[in-house]
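**Student:** Would you mind keeping the following structure in view while I ask a few things?
The values are calculated or read from the model by the stated rules, or taken from the named source; none is laboratory data. Since this is a predicted model, take the numbers as computed values, not measurements. In this analysis, Cβ positions are derived from the backbone assuming ideal geometry, glycine residues included, and neighbour counts consider all displayed protein chains.
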Amino acid sequence: MKRIDEWVRNNLDPTEQKIIVRDGLEVVGVTWNESFKSSNVVDLYSEHAFYIWMMLDDKAEALGKRPLQILDDYGMRSDSWPCSPEGFAEVALFWAIEEQCRQNCPDWK
């Protein structure tokens, strides 16, 4: 199983992670371009889907929400929650990356 925490550690330096915590992944163009050169979003999501869903399940249980409600809330933040399999993969992947960056940088907001 591929873990998103390993992907974040291997592909985003601590400064990039702090920027993501502060501003969100969608506004960090340089990080986005650098991070996704070799693989498209759907492929990257597919590789990490099991671990992402474990993260979602844990977060949902802690918050008393449903996993899809967490993704819906996250996707609605940017007003770009597309209704397609690709859009779902993008939102789930971005959520997992931001969530991992927050866990790695708990004192940075």
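Every residue, every condition in (1) farther than 20 Å from Pro106 by Cβ; (2) of a type outside the set (Ser, Thr, Tyr); (3) surrounded by 13 or more Cβ atoms within 10 Å (Cβ to Cβ); (4) modelled with pLDDT under 85, yes or no:
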site	(1), (2), (3), (4)
Ile4	no, yes, yes, no
Val8	no, yes, yes, no
Thr15	no, no, no, no
Arg22	no, yes, yes, no
Thr31	no, no, yes, yes
Lys37	yes, yes, no, yes
Val42	yes, yes, yes, yes
Gly64	yes, yes, no, no
Gly75	yes, yes, yes, yes
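**Student:** Exactly one of these conditions fails for Glu86: (1) modelled with pLDDT of 85 or more; (2) under 24 Å from Met1 (Cα atoms). Give me its number.
**Tutor:** Failed condition: (1).
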